[in-house]
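Take a look at the structure set out below.
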Number of protein chains: 4
Amino acid sequence: MTLEVGVLGYRFMGKAHANAMARLPMFFPDAPEIERSVLVGRDEDALTEAADRLGFASISTDWVEVIDDVDVFYNLGPNHVHREPSVAALEAGTPVFCEKPLAPTLEEADAMAEAARTAGDDVPAGCAFNYRFVPAIQYAKALLEDGDLGEIRHVRGRYLQDWLVDPEAPWSWRNDAELAGSGALGDLGAHTVDLLRFLVGSDDLAGGIERVSGHLKTFVDERPVEGDDETRPVTVDDAYAAHLEFENGAMGTIEASRFATGHKNDHTIEIHGSNGSLRFSLERLNELEVLREGDRGYETILVTDESDPYVDHWWPPGHVLGWEHTFVHENYEFLSAVANGHEFEPNFDDGLAAQQVLDAIERSDDRGEWVSP
Amino acid sequence: MTLEVGVLGYRFMGKAHANAMARLPMFFPDAPEIERSVLVGRDEDALTEAADRLGFASISTDWVEVIDDVDVFYNLGPNHVHREPSVAALEAGTPVFCEKPLAPTLEEADAMAEAARTAGDDVPAGCAFNYRFVPAIQYAKALLEDGDLGEIRHVRGRYLQDWLVDPEAPWSWRNDAELAGSGALGDLGAHTVDLLRFLVGSDDLAGGIERVSGHLKTFVDERPVEGDDETRPVTVDDAYAAHLEFENGAMGTIEASRFATGHKNDHTIEIHGSNGSLRFSLERLNELEVLREGDRGYETILVTDESDPYVDHWWPPGHVLGWEHTFVHENYEFLSAVANGHEFEPNFDDGLAAQQVLDAIERSDDRGEWVSP
Amino acid sequence: MTLEVGVLGYRFMGKAHANAMARLPMFFPDAPEIERSVLVGRDEDALTEAADRLGFASISTDWVEVIDDVDVFYNLGPNHVHREPSVAALEAGTPVFCEKPLAPTLEEADAMAEAARTAGDDVPAGCAFNYRFVPAIQYAKALLEDGDLGEIRHVRGRYLQDWLVDPEAPWSWRNDAELAGSGALGDLGAHTVDLLRFLVGSDDLAGGIERVSGHLKTFVDERPVEGDDETRPVTVDDAYAAHLEFENGAMGTIEASRFATGHKNDHTIEIHGSNGSLRFSLERLNELEVLREGDRGYETILVTDESDPYVDHWWPPGHVLGWEHTFVHENYEFLSAVANGHEFEPNFDDGLAAQQVLDAIERSDDRGEWVSP
Amino acid sequence: MTLEVGVLGYRFMGKAHANAMARLPMFFPDAPEIERSVLVGRDEDALTEAADRLGFASISTDWVEVIDDVDVFYNLGPNHVHREPSVAALEAGTPVFCEKPLAPTLEEADAMAEAARTAGDDVPAGCAFNYRFVPAIQYAKALLEDGDLGEIRHVRGRYLQDWLVDPEAPWSWRNDAELAGSGALGDLGAHTVDLLRFLVGSDDLAGGIERVSGHLKTFVDERPVEGDDETRPVTVDDAYAAHLEFENGAMGTIEASRFATGHKNDHTIEIHGSNGSLRFSLERLNELEVLREGDRGYETILVTDESDPYVDHWWPPGHVLGWEHTFVHENYEFLSAVANGHEFEPNFDDGLAAQQVLDAIERSDDRGEWVSP
């Protein structure tokens, strides 16, 4: 059986997922067969061009029609269009893969997770936290599950970009609270929170994060509209920072910025346990630095051996992978779950959990005090 | 017009090029249309499986038939089968893309280059030195062409792997002088020599390398044959090193090894000029370290900006590329040259030039003295 | 005129300052002449041995006598003995150099700063924040003063050690609130806060830090007393983290830990401005990473050129300095100030300012909300 | 008994050794007592100033008188004055510590080593290869002696500086064959050869180096004389490179340059064995990168623990040492050997052995072929 896939969104994320789907047959021959059936959007011309380039059989400007017709629905649109189509698809029994953050607000995320629970386990509802699928992160996860780092004491995460340093950088939906929910917090922080939950979190929704103290900042209050004389207000954060307290006593500090001059996509995770430590940075995503019991310094491991997660599907040792491979891995796992009617993680509950933490960070910033997710 | 492509070889390189071809339409929409027409090999079963997985329309066990039928012929077989099919294809007026090293011996390389010259410029004969197509290398090339580093004084290249450290690692054609020509020298050194010619070489064949002093070493003399009781002799080098003297007075030191414990695919290039320096390492291929006039230290540049070579075809800044992308770039350039009847570089003369240098290194090692390529 | 120097404390800091004084004549010939006159402590035997080894002419077990006799008084004792002798010395008109943190509590620090102000500018009262005197930090300071980084957006500081990871590591005065004031916060955080005030702070006491949100954590509640069967409670923090908000709008995140497995003395500072960024790490203290306007990545500068701060006194370029050299530099500056009756910075007001921030971090942690220093 | 020390030379090396001697009592209390008795040179005014600054009791312009009067003689003059005073001192039964390279020519080195052998083991004749005394190098030596790296396959050493890149950099004795013997080869290469002999060499003189192939290069043929209109010819190498073949079958590649733009004092050693690898760089001399059996990547060890060689004499973990500390360590060992009438290594035979290798490199370069040391 070939899975017919409908995809809403054809820009950055549309391209990333279409590419991932296209690569499955050659590298993951046991992945389910799929067809990129229909690409959904509003601008028919742009859509036609994109469908052609991204290998879709047809286009549609109405997602309502699509969600019934397809076997799987990908929601890759801006945050504010995550809820409605996703919920509708799930209600129609169609598995959904939705980009992160799950929704602009906690309420919307809640509704989506509720819909996913109602749809049941055999209708997978995935949240596309692709960084879980970096081989080095999976390797780190295994270390942590084996207890190699001992009791976790410190957790650090940061996600640094610099594309808004220039005050003349144009306004976009990402600068708008209505459309995006939040700024660096939701866009980048969602990734960090999810990775920490994945790596060191416990099973409850917020991943064992008991309370948070948040700090949001907007450095530039309005930005020019491209091809226009006017400016529009920036109503989201340009940067955030937060303290976390885990129920097991670990401390966390996380932050993200779009104003970190010189940093392009620097998502760094550091963990210190009683027996060891590790470090990961997305800009060197083939590497993991690990310090185990008895070691004196970090060992820089190139996670490209055949025995490393997913690597046997690709190239020989030392032939490094790129950012896009994370999408291939997550699409492989998600589509396999769909085909087999299995659960997939990260799911909408994971998306909701991240949202709860982000929401708590915003509430904390508002109130100037610690709050619980 | 769609170019029909025939490919000899379906293992490591076959997969790398098939993947590259498959990715062109989505990322390089102006690339010529191609069809992966026929996959050539000897073992029909394996061939059928590979053709299916790699997206080829048909298979053939006889390259002689194929070279006439296709518009382009890829020779990705072991070194000792480079000459015959390539020459035949060129004689038939079929463009050829041949893996490196061009041939096991200088004589064969010579014959191939001769055939390419006879075929003429509108029948491109490319030698697949893919590392020329790393964005950071292209960036470095531009710096050097602009003279930003001044007069070149030192050139250093090394290519370190460790897959033969274990004396029980099985024998393969890569350990055999007849089949491979040489060992680390041809397999790895060819890449290094080509990159140095590309980056700092002059226009004559050997790239301005006037004389060389070579050193070859075989650490383990025989190896077990897999699934067998016998061993076979290792008749190629496990490692080589060479001094180079360039006609412009620059000094070069190059080396490669399959015995560099802990190094998987560490191809490192360093250049010092009178005004600046640069460093590149394949295991961190998105980065280039550059020191320009007036700088005190190396600047670590993440070569992933839209303005960087080829990067506008892929992802936003900081979303790193992998090893395989070099194949997409070289296939794009080669196939475009074929479609347009243009020259392509690196061509067979470049492959021959590298071979001349490798041959000189071997001769020097034999004689214990400096020789000219 | 030779300055007679009296020093209270003969352990780690006593050795560091004695060494610094001993090295001045050879490397800073224009430093004032001094005599290591008297070493002050309680244990006469240990004192005698230390005085001999550290080059002191005499010993005393009563600082009261000493402060009148000497020309300069160094207070290198544990935090809880900072106030009384320092204030008494200043009241006697004797310049004082006191180790950091200035005092265990804000009240004591206040009293000390008051005493220093009363004593007047020609009686220098220095607080020994030695990391201001790392050449790379002075280089960074000059960059920042010149505005090379533009408007400061982000400031990050962390100081990671791991000597308490083992729950059996013995109890010491550093684990006691009465004796030390606080734990990682005062011991390590004082350095970080001072460096940030030095590098990016404004002139008001707290260095332009308007409000803070703090988080303190004690991972191990009691520790064994060495050579004893009992344990004693740990009444200070093992780690702290804090958000800072600067009046100019910059965000800061700082933290320190004695539980960062694998990190020995990792004091790292990072600053992002609208035009550039910089990074410094104490474990590689000869290096500074700088990104200036127009650069794409960090330049790794080895701050060992003759033109670099203090370096002309030492060795040729690339002949790296160590941790202890910071003490030579600060002693040179402090003793020169004493000899010339000039002001010295960092002074007791700087020590007080750091204390105000540390105190605010503790108060914030208590209350669970942001507070102002 | 106090050892009276006479020192010839008061510039760079004079300062480095005087400083080392001055620091012994505080940090190595069991070192023999010494007096910096007499400083020897030609220019009385400069000598007087230096003696004062460097803590010498007296000066002399005639080494002949000095060698009899003192208990130890340090020969820190330019290479061409190494032989005569050193041999005379040894003949007088006075222990000698001579800077490296031992002599400008093999003949002179031979004569010196002969004199040392004649003087006997209780008259130590040390050659000041200070890099043996870096804690990280001693740590590496122990690893290698324990066989942790297995059979050695590859050895790499390079020493990069850039102080002659500018063709207008002034002429000095270091550019003259008569005075210096050779250029980068003797000045920098001597260090590299000695370290390799120390780390992986066997017991015979040349350290198991069976044959070498050398390459010397002079990039700038004449240089201006400072404060003068004339230029003088450069008669030594600006850079060298060499292949080494060890009797145990290991390959070595070494090189040095004064034209490596951006590199100040970059002495890097790399070793690959059948079970592990290591890397060291002088510009980060507190660190050693080690890969042991079973490791996948290099572990970056900060060699500053109490248990590390010499470190217990200094500061707590992570409080890094500098270049000059290597001189303290070697002076401690040498002076202890003198006081106890023991042998000291590296001795004049070690200096001679390095010279043999350097000489072979020069001969090889002359002849254009491999030669034996």
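The values are calculated or read from the model by the stated rules, or taken from the named source; none is laboratory data. As the structure is a prediction and not an experimental result, all values here were calculated from the model. All Cβ positions, glycine included, derive from the backbone under ideal geometry; neighbour counts span all protein chains shown. The protein model used for the area step is the full one, side chains on, heavy atoms only, and it has no ligands, DNA or RNA in it. Shrake-Rupley method; radii C 1.70, N 1.55, O 1.52, S 1.80 Å.
Which of the residues spanning segment C:243-280 are of a type in the set (S, T, N, Q) and within 14 Å of chain D (Cβ to nearest Cβ)?
Within segment C:243-280, C:Ser257, C:Thr261, C:Asn265, C:Thr268 meet the criteria.
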message = Among (1) within 11 Å of chain A (Cβ to nearest Cβ); (2) more than 21 Å from the chain's Cα centre (by Cα); (3) aliphatic (A, V, I, L, M), there is one condition C:Val225 misses while meeting the rest; what is its number?
response = (1)
note = For A:Leu291, the lone unmet condition from (1) away from chain B (no Cβ under 14 Å); (2) surrounded by fewer than 21 Cβ atoms within 10 Å (Cβ to Cβ); (3) free of Cβ contacts under 8 Å to residues at least 24 places away in the same chain is (2)
key: Check on A:Asp349, open to solvent by 30 Å² or more (accessible area, probe 1.4 Å), among the charged types (D, E, K, R) and touching a residue at least 60 places away in the same chain (Cβ under 8 Å)   = yes
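Listed residues D:Glu299, D:Glu306, D:Glu283; which is within 14 Å of chain C (Cβ to nearest Cβ), under 20 Å from C:Thr304 (Cβ atoms) and among the charged types (D, E, K, R)?
Numbers: D:Glu299 fails: under 20 Å from C:Thr304 (Cβ atoms); D:Glu306 fails: under 20 Å from C:Thr304 (Cβ atoms).
Going through D:Glu299, D:Glu306, D:Glu283 in turn, just one is within 14 Å of chain C (Cβ to nearest Cβ), under 20 Å from C:Thr304 (Cβ atoms) and among the charged types (D, E, K, R): D:Glu283.
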message = So, in segment B:331-373, how many residues would count as being assigned to a helix (DSSP H, G or I) and more than 14 Å from chain D (Cβ to nearest Cβ)?
response = 23
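Out of A:Gly273, A:Gly249, report the one residue that is on the phi > 0 side of the Ramachandran plot and among the small types (Gly, Ala, Ser). Give the derivation first.
Details: A:Gly273 fails: on the phi > 0 side of the Ramachandran plot.
It is A:Gly249.
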message = Just to be sure I understand, how many residues within segment D:117-135 are open to solvent by 20 Å² or more (accessible area, probe 1.4 Å) and in a helix (DSSP H, G or I)?
response = 3
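In this structure, is C:Val81 under 19 Å from the mean Cα position of the chain (by Cα) and among the aliphatic types (A, V, I, L, M)? Don't jump to the end; show me each part of the working.
Details: under 19 Å from the mean Cα position of the chain (by Cα): yes; among the aliphatic types (A, V, I, L, M): yes.
It is true that C:Val81 is under 19 Å from the mean Cα position of the chain (by Cα) and among the aliphatic types (A, V, I, L, M).
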ask   = D:His342 passes all but one of (1) buried (at least 21 other Cβ atoms within 10 Å of the Cβ); (2) at pLDDT below 95; which number fails?
value = (1)
request  = Filter segment D:136-160 down to the residues that are touching a Ser or Thr at 6+ places or on another chain (Cβ under 9 Å) and either outside the structural domain of D:Ser213 (by TED's automatic domain parsing) or in a loop (DSSP other than H, G, I, E, B) (or both), then identify the one that is most open to solvent (accessible area, probe 1.4 Å).
outcome  = D:Glu151
key: Selection count where residues are under 17 Å from B:Leu188 (Cα atoms) and hydrophobic (A, V, I, L, M, F, W, C), scope segment B:75-100   = 2
task = For segment C:323-330, state whether one or more residues are assigned to a helix (DSSP H, G or I) and of a type in the set (Phe, Trp, Tyr).
result = yes
ask   = Is there a residue in segment D:278-287 that is outside any loop (DSSP other than H, G, I, E, B), open to solvent by less than 30 Å² (accessible area, probe 1.4 Å), farther than 28 Å from D:Met21 by Cβ and in contact (Cβ under 8 Å) with a residue 24 or more places away in the chain?
value = yes
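Do you know which residues across segment B:302-314 are farther than 23 Å from B:Arg279 by Cβ and surrounded by fewer than 21 Cβ atoms within 10 Å (Cβ to Cβ)? Let's see the steps before the verdict.
So the first thing to find is which residues in segment B:302-314 are farther than 23 Å from B:Arg279 by Cβ, and the list is B:306, B:312-314.
Residues satisfying the conditions are B:Glu306, B:Asp312, B:His313.
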ask   = Which one of B:Val338, B:Val357 is of a type outside the set (Gly, Ala, Ser) and outside the structural domain of B:Ile271 (by TED's automatic domain parsing)?
value = B:Val338
task = Kindly list the number of the only condition in (1) within 25 Å of D:Leu302 (Cβ to Cβ); (2) buried (at least 23 other Cβ atoms within 10 Å of the Cβ); (3) within 14 Å of chain A (Cβ to nearest Cβ) that fails for C:Trp163.
result = (2)
